[in-house]
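To keep things clear, I will list the structure first and then write my remarks on it.
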Amino acid sequence: MKRAIIVGATSGIGREVAKEMLNDGWILGIAGRREEELKTLQALAPDRISIQILDVTNEDAPGKLHQLIDQVGGMDLFFLSSGIGKQNRDLNPDIEIPVFQTNVTGFGRMVIAAFQYFKIQKGGHIAVISSIAGTKGLGSAPAYSATKRFQNTYIESLSQLACMEQLNICFTDIRPGFVKTAILNDANNYPMLMKPDYVARHIIKAIKRRRKVVVIDWRYALLVFFWQMIPRWLWIRLKIQTKRH
């Protein structure tokens, strides 16, 4: 039976991915900040789920990750679902800086730990949730879109590094569109809104197929295709709103 570690499993997409993997027969280690939510998920299959309280913004997170790996008995897949983001046209630093801390520093901290583990283990799979927001700089959510671009580039860089060092590490960069999660407080105001369980099923398929980059779903793939074709001079004159995960 394969073993997966899911960081950010207490709600939203991470929680639904954990349920899908459980149904698929995986042994899971789930981590997040809220102990009660972790215990609720663990109750679904106590014999196959281990839990660990973990905050990616804390320096002790890699150590806690390794504790969880030991509890599970190893790790074949590392899945990172932790992320925050809000609209912030006023550039309030109390909003911007936590986004940097979670989506860049926290993200890097956990992906580095997983990479080093798989390097020693001689192989593994790292899958992360980024966003279509990394495609272009979004004026309504500067920190969010910039940090998602960082995640896209970092995973691409690590993919090349693994190839350079002849490491059998697979990477999957998952880029959803709008998803109905707690982060979208006014979710009903968003177009093409997707449910977390729907997104989770697409994620499982992408992981099984060892996809490198996947945009969820086809409507957003089409949107991103056209976004990429818009020249910079025109893009900066557009008014695009986003509050996505």
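To make sure I understand the rule: partners must be lysines, Cα under 21 Å from the Cα of residue 86, and not fewer than 8 residues away in the same chain. Which ones qualify? Cross-link targets: 136, 148, 180, 195, 239, 243. Counting only protein heavy atoms and a 1.4 Å probe, the chain has 50 square angstrom of accessible area per residue.
How about region 116-184: which trypsin sites (Lys or Arg not before Pro) there lie in a loop by DSSP and see at most 16 other Cβ atoms within 10 Å?
122
Measuring nothing but how far apart in sequence close Cα pairs (under 8 Å, 6+ apart) lie, relative to its length, the chain scores a relative contact order of 20 percent.
Listed by chain and number, the aspartates and glutamates whose alpha-carbon sits under 16 Å from that of residue 2, ignoring those within fewer than 8 places in the same chain, are 20, 24, 47, 70, 76. At 24 angstrom or more along the helix axis (alpha-carbon based) and mean Kyte-Doolittle of -0.5 or higher, what helices does the chain contain? Whole DSSP H runs only. Span-like helices here: 142-164.
I need to check one value: relative contact order of region 1-66, counting alpha carbon pairs closer than 8 Å and at least 6 residues apart, in percent. Walk me through the numbers on the way to the answer.
On the way: 99 pairs, mean separation 19.2, N = 66.
Relative CO of region 1-66 lands at 29 percent.
Here, P(r) means the percent of Cα pairs in each 10 Å bin from 0 to the largest distance; for region 41-98 it is 18, 38, 24, 16, 4. Farthest towards the positive end of the charge dipole of the chain, among the residues 174, 105, 233, is the Cα of 233, using unit charges on the Cβ of Lys, Arg, Asp and Glu. Within the accessible area of the chain, the carbon and sulfur atoms contribute 52%, probe 1.4 Å, all protein chains present.
Grouping the Cα pair distances of region 1-109 into 10 Å bins from zero gives a pair-distance distribution of 15, 46, 27, 10, 2 percent in increasing distance order. Positive contributions from Lys and Arg (+1) and negative ones from Asp and Glu (-1), summed over other residues with Cβ under 14 Å from the Cβ of residue 63, come out at -2.
Is region 88-187 best put as rounded, prolate or oblate by its Cα gyration tensor, with a ≥ b ≥ c the root eigenvalues, rounded for a/c under 1.5, and otherwise prolate when a/b is larger than b/c, oblate when not? Prolate, since a/c reaches 1.5 and a/b exceeds b/c.
For the chain, the average shadow cast by the Cα convex hull is 13.1 nm², which is a quarter of the hull's surface.
Considering only the other residues whose Cβ falls under 14 Å of the Cβ of residue 123, what net charge follows from Lys and Arg at +1 and Asp and Glu at -1? Don't jump to the answer; show the numbers that get you there.
Working: positive: 2, 3, 119, 122, 210; negative: 76, 165.
That sum, taken over residues with Cβ under 14 Å, equals +3.
The values are calculated or read from the model by the stated rules, or taken from the named source; none is laboratory data. All figures in this text were calculated on a predicted structure; none of them were measured in a lab. A quick note on method: Cβ atoms are made from the backbone with ideal geometry, for glycine too, and the neighbour counts reach across all protein chains shown. These area figures cover heavy atoms from the full protein model, side chains too; ligands, DNA and RNA do not enter into them. Shrake-Rupley method; radii C 1.70, N 1.55, O 1.52, S 1.80 Å.
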